[in-house]
Amino acid sequence: MFTGLIREMAHVQSYSNNALTLKAVYTPNIGDSVAVNGACLTVVKVLSGAFVLELSPETQTHIAVENLKGAVHIEPAMQMGARFEGHIVQGHVDCIGVVEKITNNGNSVDFFISIPPEQRRFLVPKGSVTVDGVSLTINETTQTGFRLTIIPHTLKESLFGSYSIGHKVNIETDMFARYIYHLFNPKKKASLSWDQVDKISALY
């Protein structure tokens, strides 16, 4: 589990044969989970000033692999008892989004991002979304996706400052929106009673 608050901008040393080698200040242990541009990956080797992660074929088909070069966002998995900020992020990329429009507002920049229709149902105005591993608030839903407002600090400390129109990004929609949709999906044969919903809610 992650929070969507990146730890640092690591640099890709190499990416080949399903292995991604990153140079970073952060030093993980073998077997640790690290989110790279929002995708949860497992550390398989630790080097001096770098570490290697493995990408499965499934992961490679769901993320923007062309961005595994230069700088990337990284976030280690959340530790028990750590301060919780951002929102609950699983590191499971749902789809690839595309930056359609960028508008400078003076003290902030609006990014309009399109995503496939299947994932738009999980977008909620003022709800959460993860873009390349960064926890963000959806300011507005659009016919093709959503609008984000990015402040100067985020532009400086993340890859958002380098994004241009047509750039592809990894998207993870809000976990709770997905669960609620699944529970109340009218296409499901079985339906839940409110008593069942209360029991499920009590587990969290």
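The values are calculated or read from the model by the stated rules, or taken from the named source; none is laboratory data. Values in this document were obtained by computation on a predicted structure and should not be read as measured data. A quick note on method: Cβ atoms are made from the backbone with ideal geometry, for glycine too, and the neighbour counts reach across all protein chains shown.
Residues are listed down the side, and each one gets a yes or a no for (1) surrounded by 15 or more Cβ atoms within 10 Å (Cβ to Cβ); (2) over 16 Å from the mean Cα position of the chain (by Cα); (3) outside any strand (DSSP E or B):
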site	(1), (2), (3)
Val12	yes, yes, no
Tyr15	yes, yes, no
Leu22	yes, yes, no
Val43	yes, yes, no
Val52	yes, yes, no
Ile96	yes, no, no
Lys101	no, yes, no
State the number of residues belonging to the range 152-201 that are surrounded by fewer than 13 Cβ atoms within 10 Å (Cβ to Cβ) and at pLDDT 85 or above. 8
Can Val109 be described as hydrophobic (A, V, I, L, M, F, W, C), under 17 Å from the mean Cα position of the chain (by Cα), modelled with pLDDT of 95 or more and closer than 23 Å to Gly70 by Cβ? no
If you check every pair at least six apart or on different chains, which have Cβ atoms under 8 Å apart with a residue in the range 65-90 that is closer than 18 Å to Val52 by Cβ and at pLDDT 75 or above first and a residue that is among the basic types (Lys, Arg) and not in a strand (DSSP E or B) second? Ile74/Arg7; Glu75/Arg7; Pro76/Arg7
Quick one: what pairs do we get from the range 13-35, first residue at pLDDT below 95, second in a loop (DSSP other than H, G, I, E, B) and hydroxyl-bearing (Ser, Thr, Tyr), C-beta under 8 Å, 6+ apart or different chains? Asn18/Ser56
Subset of the range 116-158 (residues that are part of a helix (DSSP H, G or I) and either within 13 Å of the chain's Cα centre (by Cα) or hydroxyl-bearing (Ser, Thr, Tyr) (or both)): Thr154
